[in-house]
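Notes to accompany the following structure.
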Amino acid sequence: MTANARRGSLAHAEVPARTELHVDRRFLPLADRFFAMYRQPQQGGGALVAYQGGEKVLDIWAGYADRDRRWDHDTVALSFSTGKGVASTVVHRLAERGLIDYDAPVAQYWPEFGAAGKEEITVRELMSHRAGLHKVRGLMPRPLDLMNYDAVVAALAASKPDPRRLKGPGYHAVTYGWLVAELVSRVTGMPFTDVVDAEIAKPLGIDEFWYRVPESERTRIAKLFPHINPAGLNWAFASTVLSHVGPTRGLAEAAMPDGFDVMVRNPAVHDAVMPGWNGVFSARALAKMYGAIANGGMIDGKRFLKESTIEQMATIQTRDRDYVLAVRPNWALGYHPPIIAARRQPRNAIGHYGVGGSGAYADLDSGLSLGFTTNRLGSAVTALGDLRLARLGAEAQELARRA
């Protein structure tokens with residue numbers, strides 16, 4: 001269904017002129033829910049794309065990429081931890097060809113990683129947040145040093161693992177990306193960004209899987225707002241306080257490095273490789289990758305992954321309490337089960353959400369995938385605890401069951 005053929009309930013949405021929206025009639029209620037989120041400029045903008053059984057059933061966008069710029073067909077967004085799912089998929093593509101063994105020590109591929117008692121930590125443990133290397137706070141001497149990829153991976157290789165890893169996972173909120181990227185680089189002998197292009201972008205025929213954004217594409221990036229400030233508090237004050245309080249210490253260590261709120265707004269982050277949080281994607285790219293996963297590894301008549309690989313990817317690795325998040329996330333190999341705003345949760349689904357709202361996932365039972373990007377971070381109070389994708393997911397799951 002094109003923009004000119006939408007039913008009356010969608011008529012309030014202003015349609016960008018450059019290209020057409022795509023809405024399968026079966027998913028009109030999902031489009032309605034999405035458009036209702038972006039009626040005012042202060043709500044920012046976003047994009048939502050869905051695949052069902054390997055076929056695109058929704059490709060829509062609305063709102064503002066900046067104060068004076070509409071969200072367009074080509075708009076992309078910094079999507080925070082959503083990028084962990086993409087980075088993990090790179091590992092699985094390599095493992096499928098026998099280049100990586102999930103149960104081999106990481107140090108087999110990256111010898112320096114074996115320092116400080118880490119010689120037996122496996123790829124499987126790393127990908128399920130059981131390497132004990134969650135700490136980013138204090139990892140580097142100065143905040144902007146986090147943009148120095150080589151220095152960061154050297155610091156992580158030299159770090160001593162947290163002993164709590166032996167009892168359960170600890171979410172590697174920021175460090176996961178560097179750890180996976182260096183593993184991939186050591187295995188392939190190529191820069192991580194080149195491997196992403198070869199293993200994800202080119203096979204899927206879509207470019208917007210960027211951890212280092214090409215200069216020519218940076219005008220497409222939506223401006224994020226508001227600032228990332230927990231509960232509206234100053235970042236430096238809040239992160240320091242939380243790092244000294246028992247129940248929140250792990251979260252501050254893993255996700256709240258000094259100066260992070262300023263670094264997020266620094267254009268130089270698009271020159272760096274920080275795959276745990278600085279991935280820039282289109283909803284279209286995310287939905288297509290997960291669309292292949294949801295469709296048994298097939299998309300556009302081509303095989304992206306084997307079914308046996310997807311079974312490995314989706315197997316829960318640990319049901320223990322996460323000492324950073326203080327919940328039981330049920331980590332799979334680089335993904336978490338998607339959370340939707342409904343009593344019935346998907347039983348066989350994997351994906352990754354990002355702080356502030358963006359995210360994507362694949363439901364292996366229904367064949368549904370969703371990719372959602374946005375520049376409006378969370379609510380007016382905080383960038384955390386956003387429920388937009390959970391609500392969109394609930395609507396999508398119900399429609400997929402009827403389809």
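Under 28 Å between alpha carbons, and skipping anything fewer than 8 positions from LYS302 in its own chain: which lysines qualify? List returned: LYS56, LYS84, LYS202, LYS288. Fraction of C-alpha pairs exceeding 15 angstrom in segment 16-60: 47 percent, rounded to a whole number.
Rounded to the nearest 20, the Cβ-based charge dipole of the chain about its Cα centre (Lys and Arg +1, Asp and Glu -1) stands at 1120 debye. Estimated at 0.36 nm per residue, the fully extended path between ASP74 and ARG391 surpasses their Cα-Cα distance by 111.7 nm. Across segment 319-400, the mean sequence separation of Cα contacts (distance under 8 Å, 6 or more residues apart), normalised by length, yields a relative contact order of 23 percent. Each Lys and Arg Cβ is given +1 and each Asp and Glu Cβ -1; about its Cα centre, segment 66-108 then shows a dipole of about 80 debye.
Expressed as a whole percent, the accessible surface of the chain that belongs to carbon and sulfur atoms is 50, based on a 1.4 Å probe. Accessible surface for segment 24-114, divided over its residues, is 35 Å² per residue with a 1.4 Å probe.
For the chain, modelled as a GNM whose springs connect Cα atoms under 10 angstrom apart, the maximal fluctuation among PRO29, PRO346, PRO337 occurs at PRO29.
Simple spin-label estimate for ASP365 and LYS306 gives 2.7 nm between the two label positions (7 Å along the Cα-to-Cβ direction from each Cα). Could you tell me how many degrees, from 0 to 90 and to the nearest 10, lie between the Cα long axis of helix 283-294 and the main elongation axis, the longest principal axis, of the Cα atoms of the chain? With rounding to tens, the tilt is 70 degrees.
Note on ASN266 and ASN330: their simple-model spin labels are 3.9 nm apart, each label 7 Å out from Cα toward Cβ. Free of any GluC sites (Glu not before Pro) that DSSP assigns to a loop and that have at most 16 other C-beta atoms within 10 Å, the longest stretch within the chain is 121-403.
Once you list every other residue whose beta carbon is under 10 Å from the beta carbon of ALA294, what net charge do they have if Lys and Arg are +1 and Asp and Glu are -1? Around ALA294, the surrounding residues sum to -2. Taking every alpha-carbon pair under 8 Å whose residues sit at least 6 apart, the chain reaches a relative contact order of 23 percent. Within 13 Å, Cβ to Cβ, of ILE100, how many net charges do the neighbouring residues add up to if Lys/Arg are +1 and Asp/Glu are -1? Result for the neighbourhood of ILE100: -1. Mind pulling the angle between the C-alpha long axis of helix 175-188 and the longest principal axis of the chain? Nearest 10 degrees, somewhere in 0 to 90. Result, in degrees: 80.
Multiplying each eigenvalue of the alpha-carbon gyration tensor of the chain by 5 and taking the square root yields semi-axes of 32, 24, 20 Å, largest first, rounded to whole angstroms.
To the nearest ten degrees, helix 246-255 and the longest principal axis of the Cα atoms of the chain are 80 degrees apart.
A viscosity of 1.002 mPa s and a temperature of 20 °C, combined with the Kirkwood radius over Cα pairs in Stokes-Einstein, give a translational diffusion coefficient for segment 36-124 of 127 µm²/s. Spatial offset of segment 256-326 relative to segment 193-212 amounts to 13 Å, using the alpha carbon center of each.
The values are calculated or read from the model by the stated rules, or taken from the named source; none is laboratory data. Owing to the predicted nature of the structure, the values given are computational and were not obtained by experimental measurement. Heads up, the Cβs are rebuilt from the backbone with ideal geometry, glycines too, and the neighbour counts pull from every protein chain shown. We work out accessible area using only protein heavy atoms, side chains counted, and drop any ligands, DNA or RNA first. Shrake-Rupley method; radii C 1.70, N 1.55, O 1.52, S 1.80 Å.
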